Amino acid sequence: MSDKFDQKQYQNTIKTYQPKPNYLANCIKAFIVGGLICVIGEALTDFYMKVFDFSEKEAGNPTVTTLILIAALMTGFGVYDKLGQFAGAGSAVPVTGFANSITSAALEHKSEGLVLGVATNLFKLAGSVIVFGVVAAYILGMLRYALQHMF
Amino acid sequence: MAKIGKQTWLYNQQIYVNSTGTAVGPLEAQGPLSNTFDKKYDELHCNQDNWELAERQLMKDSIDACMQRAGKDKSGIDVILAGDLLNQNVTSNYVAKELGLPFLCMFGACSSSMETLATGAALIEGGFAAQALAVVSSHNATAERQFRYPTEYGGQKPKTATFTVTGSGAALISKEKSSIRIEAATIGRVMDYGATDPFDMGSAMAPAAYDTIKTHFSDLGRMPGDYDLIATGDLSGVGTPILRDMLKEDGYDVDEIHNDCGLMIYHSDQPVFSGGSGCGCSAVVTYGKLLSDLEDGIYKRIMVVATGALMSPTMVQQKETIPTIAHAVVFVREEEE
């Protein structure tokens with residue numbers, strides 16, 4: 001047996017056997033789907049501003065809530081995971097992806113009961129986002145405070 | 001002695017597969033082997049309340065189908081050897097609880113299908129059982145939940161990923177004559193070629209299949225030409241060419257006779273990435289399609305090499321590599337009197 005499949009060489013050799021991800025196509029798909037989600041968000045903001053006379057700032061919260069509701073429903077109907085496979089980061093990065101990670105965990109652990117199942121596992125995937133979000137916000141907040149007082 | 005060479009068991013006594021039973025989920029039922037399965041569900045829940053119960057239902061169905069075909073009562077089984085992919089092998093344990101029969105639980109990840117069968121045959125050979133039942137199961141949703149993410153999570157998987165087969169296969173074996181004889185088994189060694197990607201099990205398991213097949217040939221002094229078919233369990237589209245090339249380096253050309261259960265069970269346009277995996281994969285393909293083809297005379301001698309990635313999410317997160325194993329069982333056709 002040649003060195004090609006030697007234990008040490010193996011991980012290099014098999015790279016030629018693994019199908020390559022199509023980065024360009026993935027980027028385009030992510031751009032289109034992610035962009036579409038943002039377009040829907042814009043439309044929702046306009047809707048809340050026009051119909052309910054909210055200011056642009058006030059319309060923000062109901063817009064996000066509506067997107068979360070739609071994503072949660074799509075997760076429950078078994079559509080969001082298919083969208084995720086197609087769009088990748090396009091459907092993972094927006095708030096809808098966050099909603100999907102929470103809803104899917106809740107659905108998955110429903111059989112283990114409401115407290116130890118759903119409640120305990122709800123942030124199984126989203127927990128890290130929250131942890132790093134809070135930490136980053138804290139650091140930036142401190143920096144901003146320090147800079148404001150220095151200059 | 002029944003042990004030949006380094007790792008091979010050549011059964012001296014005549015041990016036969018008397019009956020088989022299979023049960024599968026919706027995607028498998030839409031696949032090319034649909035008409036070879038006994039029980040098919042058009043929905044992943046299999047009429048149960050949760051995924052674990054669904055998998056248990058599949059295992060019960062495959063055992064029922066197997067015993068019904070054999071026309072025998074379950075009480076006559078001396079030992080049940082069962083395995084699945086879940087922690088504590090819950091599917092096997094809970095099904096065995098209901099059966100109330102002597103039970104050996106086995107775990108070899110996706111290699112459990114041939115592990116249970118080879119061990120069952122050895123117990124019969126040794127006179128510890130007259131009738132043994134080997135059964136395994138896997139379920140796409142229970143496996144996703146345990147090894148990956150929640151079922152409905154929208155994460156993107158790479159093309160190298162495999163799709164866990166929802167299904168269960170059972171085989172009843174004894175010395176009672178039938179047209180399918182279990183001739184030999186080669187017990188695998190754990191191989192670790194440094195794979196770390198849980199979304200590429202095919203390339204992680206290819207060295208295990210290679211080692212078992214190569215050892216099998218040298219133990220028995222055989223060549224690929226002695227087999228009409230060598231079927232690996234779940235190397236998928238990535239691991240299959242790697243295995244063939246590895247064997248070629250040693251002078252064994254299996255291209256013409258090798259196939260992979262993970263590639264046979266689905267149509268290429270089904271959404272299963274690089275193919276099927278799980279112990280249900282090799283079990284339902286072997287106990288459904290392959291053994292019935294053997295019975296029909298399409299093959300004379302076949303070898304099924306069930307490949308298993310002994311993967312634990314905790315170990316992977318602790319930056320350890322993924323060990324793998326493969327067990328082989330040889331089936332031959334015998335003319336019935």
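One table, with the values for the structure above:
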item	result
Residue within the range B:60-79 that is part of a strand (DSSP E or B) and over 25 Å from B:Leu123 (Cβ atoms) present	no
Answer residue from the range A:75-102, given it is in contact with an Asp or Glu (Cβ under 7 Å, 6 or more places away or on another chain) and farther than 15 Å from A:Ile40 by Cβ and is most open to solvent (accessible area, probe 1.4 Å) among those	A:Asp81
Positions within the range B:94-116 being small (Gly, Ala, Ser), without any contact (Cβ under 8 Å) to a residue 40 or more places away in the chain and either on the phi > 0 side of the Ramachandran plot or part of a strand (DSSP E or B) (or both), in sequence order	B:Gly100
Among (1) open to solvent by 40 Å² or more (accessible area, probe 1.4 Å); (2) within 14 Å of chain A (Cβ to nearest Cβ); (3) touching a residue at least 60 places away in the same chain (Cβ under 8 Å) - the single one B:Asp250 does not satisfy	(3)
One residue from B:Glu52, B:Glu28 being charged (D, E, K, R), touching a residue at least 24 places away in the same chain (Cβ under 8 Å) and over 26 Å from B:Ile182 (Cβ atoms)	B:Glu52
Condition check for B:Ala171: hydrophobic (A, V, I, L, M, F, W, C), open to solvent by less than 10 Å² (accessible area, probe 1.4 Å) and more than 30 Å from A:Ile14 (Cα to Cα)	yes
Tally, over the range B:203-216, of residues that are within 14 Å of chain A (Cβ to nearest Cβ) and buried (at least 24 other Cβ atoms within 10 Å of the Cβ)	9
Some residue of the range B:267-283 being touching a helix residue (DSSP H, G or I) at 6+ places or on another chain (Cβ under 9 Å), more than 13 Å from B:Thr162 (Cβ to Cβ) and buried (at least 20 other Cβ atoms within 10 Å of the Cβ)	yes
Unmet criterion (only one of (1) within 14 Å of another protein chain (Cβ to nearest Cβ); (2) open to solvent by less than 90 Å² (accessible area, probe 1.4 Å); (3) not charged (D, E, K, R)) for A:Val64	(1)
Filter result for the condition that a residue is of a type in the set (S, T, N, Q), more than 14 Å from every other protein chain (Cβ to nearest Cβ), assigned to a helix (DSSP H, G or I) and open to solvent by 10 Å² or more (accessible area, probe 1.4 Å), over B:Thr119, B:Thr91	B:Thr119
Out of B:Thr212, B:Thr186, sole residue that is in contact (Cβ under 8 Å) with a residue 60 or more places away in the chain and in contact with a helix residue (DSSP H, G or I) (Cβ under 7 Å, 6 or more places away or on another chain)	B:Thr186
Boolean, A:Ile37 is within 21 Å of B:Lys159 (Cα to Cα), open to solvent by less than 60 Å² (accessible area, probe 1.4 Å) and not aromatic (Phe, Trp, Tyr)	no
Qualifying residue in the range B:281-291 (condition: without any contact (Cβ under 8 Å) to a residue 12 or more places away in the chain, β-branched (Val, Ile, Thr) and more than 14 Å from every other protein chain (Cβ to nearest Cβ))	no
Residue in the range B:151-158 that is more than 11 Å from every other protein chain (Cβ to nearest Cβ) and either surrounded by 24 or more Cβ atoms within 10 Å (Cβ to Cβ) or not in a helix (DSSP H, G or I) (or both) present	no
Contacts under 8 angstrom Cβ, first residue in the range A:1-29 being open to solvent by 80 Å² or more (accessible area, probe 1.4 Å), partner at pLDDT below 90 and part of a helix (DSSP H, G or I), 6 or more apart	A:Gln9/A:Asp3
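Here is a yes/no grid of residues against (1) over 30 Å from B:Pro271 (Cα atoms); (2) outside any helix (DSSP H, G or I); (3) out of contact with any strand residue (DSSP E or B) (no Cβ under 6 Å at 6 or more places or on another chain):
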{"position": "A:Ile14", "(1), (2), (3)": "no, no, yes"}
{"position": "A:Ile32", "(1), (2), (3)": "no, no, yes"}
{"position": "A:Cys38", "(1), (2), (3)": "no, no, yes"}
{"position": "A:Phe47", "(1), (2), (3)": "yes, no, yes"}
{"position": "A:Asp53", "(1), (2), (3)": "yes, yes, yes"}
{"position": "A:Pro62", "(1), (2), (3)": "yes, no, yes"}
{"position": "A:Leu69", "(1), (2), (3)": "no, no, yes"}
{"position": "A:Gly84", "(1), (2), (3)": "no, no, yes"}
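The values are calculated or read from the model by the stated rules, or taken from the named source; none is laboratory data. Note that the coordinates shown come from a computational prediction; the quantities given were computed from them, not determined experimentally. We place every Cβ from the backbone using ideal geometry, glycine too, and count neighbours over all the protein chains shown. The protein model used for the area step is the full one, side chains on, heavy atoms only, and it has no ligands, DNA or RNA in it. Shrake-Rupley method; radii C 1.70, N 1.55, O 1.52, S 1.80 Å.
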